Amino acid sequence: MRMPDNKTVEAPKDPEEQNPGSTEELQVILEASQKLAETLDLREVLQNAVESILKLVGLDSAVVYLKEGANLRLWATYPPLPPDFPDHLSVAPIDDHPHLKTAMETGTHLLINDLREEISSEAEGEVVRQRGLRTVLYVPMVVDSKAIGALIVGSTTDVVDIPPRRIALSRTLANLAALTARNARLYAELNTYSSELKESLAERIRVEEERKTLQEELLQAQKMESVGRLAGGVAHDFNNMLNVILGYTELAIDKLPSDSPINAYLEEVHVAAKRSAEVTRQLLAFARKQPIAPKIIDLNDAIESMLKMLRRLIGEDIDLRWNPSPEPVLVYMDPTQLDQILANLCINARDALGGKGNLTIETGIFTFDESYCAKHQGFLPGEYSMLAVSDNGKGIEEEQLGNLFDPFYTTKEEGTGLGLATVYGIVRQNNGFINVYSEPGEGTTFKAFMPRKSGTPQSLESPHRGEVPQGAGETLMVVEDDPSILELTQLILQGLGYEVIAVGSPRDAINTLEESKCEIDLLLTDVVMPGMTGKELVKELESRCEGVKVLYMSGYTSNVIAHRGVLDEGVNFLQKPFSREALAIKVRAALGD
């Protein structure tokens, strides 16, 4: 079909009068584009392109070759290849097909009126004999100005004339097929586990959602790391200041008569300082910088011992239900961290209940396999001990669930936003993970999973009660670079009956001990100090003061005497800010009493 001469025609009323068959041709292009968009299977895409170009040009043979390095691979053909079609023609060097190479290198079509008369290589001659080709149109498949292959359409009966309009439309179709083929290849590369390459658009969405989830997890990890650095930088100085406030307040209260009106003021200062210390402690727990001394504990026994305290914490109008697992639920963690987890989760449930309702604590043992973990983000295969706290309160809105464990995020007027963040940090520090399940009006369940431990549970130490233990004239050296803390610690220890040598730096400590021939019973040293850490000081003294007993104190250990928050074995440690009672107990323990 030839194009009519339309140079003298202006604005025809009926476009089909000017270009007979143009509507039909455009309809073919439209249908082809729709078919190409229906699948991301590369072979199916190219077969659609073959069928569409045959319909467009009106010939009876077509193939698609894609470039693979220096070779061409046959991907689609019509009519189907005969059984005896040579394998070396299905994958062949580009140089063996000069006409095809020319079209791809120039990026434009090449029309051969009768290929039987213009065979340019042995391989082309073999193709002509196999397919019976006469007129052949080579159309490069171009995307981003680069030919990735070619559509080849031909006649096997007669020499035919292909109108320029249809050649132009063939180029459009080839480029559309090239773009779709490239997308199909990219899709196939993202799904290398699938040999059939038949994943749907929904699968692409899933991959994108996974990428988004991983990005969110990375941002969350970076956020936690930033908070951790902030906590580490602030905690040391902040805890020192709080220690001074708490310590001198306790000393002042002890010195004043019990009926002094000033006592009430000092008690308020003391309470406020303790609250501030708790905020710092929670911040360190969230950032996984809290020094811990883990041991094997049975969640059932530990929770059982806490029920009385928890009932007081949540109030009389809330029904506390305890459902322990029938078998021991062992974990390896610091018992004080379990106290923090339970207290914070129960307080959160209490507030959600508004003071009245049901609160349930339960334990259990769960095993997650790889197939389950693949479908649940954040889970890792293994056997886990579970602690769950549930309430039948108002529930949590879906848009709030993603921020629950963020530090300082709270929906309560008087909340600090550190309770659940503390729980999250503790669980993660113990190689576990925590999930929340909630629906508005249906209540909320928090489930913490920590690696299940085997072995024998260790006994839980009861908090000290009674008189503050006193010294018996032992000599203690205190090393602290903060003058206020140094003076406070010296005053407290002297008041407890100890002889105290107070020095402001590790170097002064070494010099003093050399002069006194190491006649001390205990070295009490800060951990993080300028020039030399407490641990480095102890190492220096090991060769000079053999067998000296050591008690470390710090608000932030910075992994000096702990690794990933776990205290090194055999380390005696006093967490700042400390009370007079806590200092007295730790000193006696370090001395071996």
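Could you tell me which residue of the stretch 109-131 is surrounded by the fewest Cβ atoms within 10 Å (Cβ to Cβ), considering only residues that are assigned to a loop (DSSP other than H, G, I, E, B) and in contact (Cβ under 8 Å) with a residue 40 or more places away in the chain? Step through it out loud before you land on a result.
Within the stretch 109-131, the subset assigned to a loop (DSSP other than H, G, I, E, B) is 109, 113-114, 118-121.
The next check asks that each one be in contact (Cβ under 8 Å) with a residue 40 or more places away in the chain; those that pass are 109, 113-114.
Numbers: HIS109: 18, ASN113: 13, ASP114: 15.
Among those residues, the one meeting the criterion is ASN113.
Which ranges mark the helices (runs of 4 or more DSSP H) fully within the stretch 11-69 that have 2 or more residues being at pLDDT 80 or above, over 12 Å from ALA174 (Cβ atoms) and more than 44 Å from the chain's Cα centre (by Cα)?
Of the helices (runs of 4 or more DSSP H) lying wholly inside the stretch 11-69, those with at least 2 residues that are at pLDDT 80 or above, over 12 Å from ALA174 (Cβ atoms) and more than 44 Å from the chain's Cα centre (by Cα) span 42-57.
Tell me, yes or no, whether the stretch 461-474 has at least one residue that is of a type in the set (Lys, Arg) and within 23 Å of ALA589 (Cβ to Cβ).
The answer is yes; a qualifying residue exists.
All but one of (1) at pLDDT 85 or above; (2) charged (D, E, K, R); (3) assigned to a helix (DSSP H, G or I) hold for ARG321; state the number of the condition that does not hold.
Only one criterion in (1) at pLDDT 85 or above; (2) charged (D, E, K, R); (3) assigned to a helix (DSSP H, G or I) is unmet by ARG321, namely (3).
Does the stretch 333-350 contain any residue that is touching a residue at least 12 places away in the same chain (Cβ under 8 Å) and in a strand (DSSP E or B)? Before you say what the answer is, go through the steps one by one.
The first filter runs over the stretch 333-350 and keeps only residues touching a residue at least 12 places away in the same chain (Cβ under 8 Å), leaving 333-350.
Applying the additional criterion that residues be in a strand (DSSP E or B) yields 333.
Within the stretch 333-350 (the criterion being touching a residue at least 12 places away in the same chain (Cβ under 8 Å) and in a strand (DSSP E or B)), the answer is yes, since at least one residue qualifies.
I need the full set of residues from the stretch 243-269 which are among the aliphatic types (A, V, I, L, M) and in a helix (DSSP H, G or I), in order please.
Correct list: VAL244, ILE245, LEU246, LEU251, ALA252, ILE253, ILE262, ALA264, LEU266, VAL269.
Inspect the stretch 77-92 for any residue being more than 26 Å from GLN27 (Cα to Cα), in a helix (DSSP H, G or I) and hydrophobic (A, V, I, L, M, F, W, C) and give the result as yes or no.
yes
Could you grab the pairs with beta carbons closer than 9 Å, sequence gap of 6+ or different chains, first residue in the stretch 139-160 and over 17 Å from LYS55 (Cα atoms) and outside the structural domain of VAL50 (by TED's automatic domain parsing), second one aliphatic (A, V, I, L, M) and crowded, with 24+ Cβ neighbours inside 10 Å?
Note: no pairs meet the criteria.
Sort out which residues of the stretch 421-438 are of a type in the set (A, V, I, L, M, F, W, C) and either within 17 Å of ARG275 (Cα to Cα) or in contact with a Cys (Cβ under 7 Å, 6 or more places away or on another chain) (or both), and write them in order of number.
Scanning the stretch 421-438 gives a single hit, ALA421.
So if I check each of ASP96, ASP87, which one is over 27 Å from PRO163 (Cβ atoms) and modelled with pLDDT of 90 or more?
On the way: ASP87 fails: modelled with pLDDT of 90 or more.
Matching residue, one of ASP96, ASP87: ASP96.
For residues in the stretch 355-393 being out of contact with any Pro (no Cβ under 7 Å at 6 or more places or on another chain), small (Gly, Ala, Ser) and modelled with pLDDT of 85 or more, which is nearest to GLN429 (Cα to Cα)?
SER385
Just to be sure I understand the filter: pairs with C-beta atoms under 6 Å, separated by 6 or more residues or on different chains, first member in the stretch 524-546 and in the same structural domain as GLU499 (by TED's automatic domain parsing) and without any contact (Cβ under 8 Å) to a residue 40 or more places away in the chain, second member assigned to a helix (DSSP H, G or I) and of a type in the set (D, E, K, R). Which pairs pass?
Note: no pairs meet the criteria.
ALA277 - would you say it is closer than 16 Å to SER554 by Cα, at pLDDT 75 or above and assigned to a helix (DSSP H, G or I)?
yes
Of the numbered conditions (1) at pLDDT 85 or above; (2) closer than 29 Å to GLU24 by Cβ, LYS146 satisfies every one except a single condition; which is it?
For LYS146, the exception is condition (2).
Just one of ALA178, ALA168, ALA184 is more than 30 Å from PHE578 (Cβ to Cβ), touching a strand residue (DSSP E or B) at 6+ places or on another chain (Cβ under 6 Å) and at pLDDT 75 or above; which is it?
Only one candidate passes the filter, namely ALA178.
Tell me which residues, restricted to the stretch 144-163, are crowded, with 18+ Cβ neighbours inside 10 Å and in a strand (DSSP E or B).
The answer is ALA147, ILE148, GLY149, ALA150, LEU151, ILE152, VAL153, GLY154.
The values are calculated or read from the model by the stated rules, or taken from the named source; none is laboratory data. Predicted, not measured: the structure shown is a model, and the values here were computed from it. Note: ideal-geometry Cβ built from the backbone for every residue, glycine included; neighbour counts use all protein chains shown.
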